[in-house]
1. In whole Å, how far is the Cα centre of region 105-147 from that of region 161-190?
2. Percent of accessible area on region 62-173 owned by carbon and sulfur, 1.4 Å probe?
3. Would you check the accessible area of E55, probe 1.4 Å, heavy atoms only, in square angstrom rounded to 10?
4. Mind giving me the FRET efficiency for T181 and C158? R0 is 41 Å, r the Cβ-Cβ distance, nearest 0.05 is fine.
5. Tell me the per residue accessible area of region 56-174 using a 1.4 Å probe; a whole number in Å² is fine.
6. Could you pull the accessible area for V108 with a 1.4 Å probe, rounded to 10 Å²?
7. If you stretched the chain out fully between I148 and L188, how much longer would it get, using 0.36 nm times the residue separation minus the C-alpha to C-alpha distance?
8. May I ask you to compute the full-extension gain from S57 to L122, defined as 0.36 nm times their residue separation minus their alpha-carbon distance, rounded to one decimal in nm?
Amino acid sequence: MSEGRCGPAAEAEGPGQQEQLGAERSLEALSLERGARARQPGGRRATIASALELEGSVRREGLLTHFVASNLQRKIQLSAPAASPIPPVDLAALRDLVALAGQVAAQVDELLRSVHCGLQALTALSVGCIQTYRDGVESLGETVDTSIRAMYTLVARCEELDLAIQPVPALARRIRDMKGTLERLEGLCK
């Protein structure tokens, strides 16, 4: 691994390697711009680590290289785009915004009250319907019970009537016999 790479992950192939090569090239350009150690003895260009040493402190731990920039705040300020100044706050617009927010809050409060009243009315109506249904079911139960009792009473009375009517056919025969006898007596009397 070369000195300019920052760890074992730098050896992996892929898009990260492209970014790292771009960073190495920019560091090489930085070292060439500085000119301080642009050429080492023997005609070799400065290493990336030496370019980093020009801009801050470099510390190596095994294969890992740590770099801390000496003027990091200035570099951050230089890299940030020039910010446009913030315009002053319009107090009239702010007052209008507060007034509109108050109106919206009042309207939301009124809406919530209306929804609350509507829900209470629907709940009361539902409770009334359920109570009416319950009363209807109880009344129906009582009516069915009374009807069953009346039916049993009717059946019992019909049985009593049937028992009371059992002698009637024999009595009807006797009446027919008597009628036949009377007709014969009448025929004799003529």
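1. 71
2. Values: 6730 of 9890 Å².
It is 68 percent, rounded to a whole number.
3. Counting only protein heavy atoms, the figure is 20 Å².
4. On the way: r = 35 Å, r/R0 = 0.85.
Given R0 = 41 Å and the Cβ-Cβ separation, E is 0.75.
5. With all protein chains present, region 56-174 gives 88 Å² per residue.
6. 70
7. Working: separation 40, 0.36 × 40 = 14.40 nm, distance 5.95 nm.
Stretched fully, the I148-L188 segment lengthens by 8.5 nm.
8. On the way: separation 65, 0.36 × 65 = 23.40 nm, distance 7.51 nm.
Net length gain for the segment: 15.9 nm.
The values are calculated or read from the model by the stated rules, or taken from the named source; none is laboratory data. All of these numbers come straight from a predicted model, not from anything done at the bench. Positions of Cβ are generated from backbone atoms using ideal geometry, with glycine treated the same way; all protein chains shown enter the neighbour counts. Side chains included, ligands, DNA and RNA excluded: accessible areas come from the protein's heavy atoms. Shrake-Rupley method; radii C 1.70, N 1.55, O 1.52, S 1.80 Å.
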